Amino acid sequence: MTAPFGHDHVPMEQVQRILIIKPSSLGDVVNALPFLSSLRQRYPDRHIAWLVEEEAAELLLGHPLLDRVIVSGRRRWGREMRSPSFGSAALREMAALIVELRQGRYDLVVDLQGLLKSALMVICARARFRVGLAGGREGSGRALTHVVPLPPGPLHAVDRYLEAARFLGADPPSKAFMFPSRPDDGARADALLAEAEVRPNAFVIALNPQARWSTKLWGEEQFARVGEELARRHGARILVIGSSADLPVARRLARRMNPAPFVAAGRTDLKVLIALLKRIVLLVTVDSGPMHLAAALGTPLVALFGPTDPRLIGPYGGDGVVLRVPLPCSPCSKRRCQIDEDRLCMHSISVEQVVETASSLLTAGLACRTDRDCS
């Protein structure tokens, strides 16, 4: 492996095949989509592939701007390696991934993850030019030939990735979020709304109470009270969204509420969820993948933040309002709370604050639907 070239630019005239490495998480993959748009806009004739993990693969499979999507089962492999029944199959899949990366004959690999797991994939691809962002962790920078400098101060993930686009000559960059779709995604979302018995012209509001980190959670009781109050004030039909893993929480939430919401958790894949988020008027959510999807789609949302920094990974663009309470310990970026009063940063956000913010967004949205001068 050669030593890093530093900040010298990549000779893009020598590059025909490009691999983007941004395996996870769902929100991170969403935030990297403008980088892809910028790269494709500047280099329409280059082969562009993307390495992604299974959890976010649906966001990229069938994407019109990609020539190839390489799916890694890293998380699943980690679980299967602990089982004698599945360990050998996981090893074969890992070996097949390495072979696929080597046979891709990529001239340029762009590591937008900046961790050991992505650095290993960079090495496996054996590209001549290996680009990553400054500040990579776990020694990932050692796998690079070129490092993208970043401006000082807090910079949102979308803008960090767009610095890599500029570094590769894709300037001015596009900030477009483009998602792949199937012909029946909209119909499947409409069928769910019909099953939810949404009345004509009724507000449809979605609640997303779940996140991967326990420190990001607000509370089922709080979400239930918000949903009930918004339904009462605005005559809204409330949906609870999430993955199949979130279904127990969604059902408990539904049992707490009167009238009961429609449980859409576990009823959509990512493409249908995108179609559903296009059809609602508001999302109330914790920091999560669905939050980033809604923001990218321009769906109005109220996002509740505590341990994470919205300046770095908050909703980007659109009509998103972030609610957080400034505390000395927040943001801590920790998966486990470090103080005695667990999740004080999240519990300090009041139900009344969320309801009033959501109601203001709904009122503004109604005005825009009835006022010709609203743009």
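Of the residues examined, Val354 is one that is in contact with a strand residue (DSSP E or B) (Cβ under 9 Å, 6 or more places away or on another chain), part of a helix (DSSP H, G or I) and surrounded by 20 or more Cβ atoms within 10 Å (Cβ to Cβ). Taking the criterion of being closer than 30 Å to Arg166 by Cα and among the hydroxyl-bearing types (Ser, Thr, Tyr), the residues of the stretch 76-130 that qualify are Tyr106, Ser118.
Looking for something more than 19 Å from Pro154 (Cα to Cα) and without any contact (Cβ under 8 Å) to a residue 24 or more places away in the chain - is there at least one such residue anywhere in the stretch 284-300? Yes, because at least one residue in the stretch 284-300 is more than 19 Å from Pro154 (Cα to Cα) and without any contact (Cβ under 8 Å) to a residue 24 or more places away in the chain. Listed conditions (1) free of Cβ contacts under 8 Å to residues at least 24 places away in the same chain; (2) touching a Lys or Arg at 6+ places or on another chain (Cβ under 7 Å) are all met by Asp67, apart from (2). For Asp190, the conditions (1) surrounded by 14 or more Cβ atoms within 10 Å (Cβ to Cβ); (2) of a type outside the set (A, V, I, L, M, F, W, C); (3) over 18 Å from Ala264 (Cβ atoms) all hold with the exception of (3).
Looking at (1) among the aliphatic types (A, V, I, L, M); (2) surrounded by fewer than 24 Cβ atoms within 10 Å (Cβ to Cβ); (3) modelled with pLDDT of 95 or more, which is the one condition that is false for Ile18? So Ile18 meets the others, but not (2).
Selection within the stretch 304-351: residues that are aliphatic (A, V, I, L, M) and in contact with a Gly (Cβ under 6 Å, 6 or more places away or on another chain). The member of this set that is surrounded by the fewest Cβ atoms within 10 Å (Cβ to Cβ) is Val322.
Where helices (runs of 4 or more DSSP H) fall entirely within the stretch 242-345, those with at least 3 residues that are among the small types (Gly, Ala, Ser) are at 289-297.
Within the stretch 194-209, identify whether any single residue is of a type outside the set (Val, Ile, Thr), over 23 Å from Val69 (Cβ atoms), in a helix (DSSP H, G or I) and in the same structural domain as Leu273 (by TED's automatic domain parsing), and answer yes or no. Checked against the condition, which is being of a type outside the set (Val, Ile, Thr), over 23 Å from Val69 (Cβ atoms), in a helix (DSSP H, G or I) and in the same structural domain as Leu273 (by TED's automatic domain parsing), the stretch 194-209 yields at least one hit.
Is at least one residue of the stretch 52-61 surrounded by fewer than 19 Cβ atoms within 10 Å (Cβ to Cβ) and within 26 Å of Gln14 (Cβ to Cβ)? Checked against the condition, which is being surrounded by fewer than 19 Cβ atoms within 10 Å (Cβ to Cβ) and within 26 Å of Gln14 (Cβ to Cβ), the stretch 52-61 yields no hits at all.
The set of residues in the stretch 153-171 being free of Cβ contacts under 8 Å to residues at least 60 places away in the same chain and either of a type in the set (Phe, Trp, Tyr) or within 21 Å of Ala56 (Cβ to Cβ) (or both) consists of Asp159, Arg160.
Checking Ser140, Ser174 one by one, the residue that is surrounded by 15 or more Cβ atoms within 10 Å (Cβ to Cβ), in contact (Cβ under 8 Å) with a residue 24 or more places away in the chain, farther than 25 Å from Pro290 by Cβ and not charged (D, E, K, R) is Ser140 and no other.
The values are calculated or read from the model by the stated rules, or taken from the named source; none is laboratory data. Note that this is a predicted model, so its numbers are computed, not measured. Heads up, the Cβs are rebuilt from the backbone with ideal geometry, glycines too, and the neighbour counts pull from every protein chain shown.
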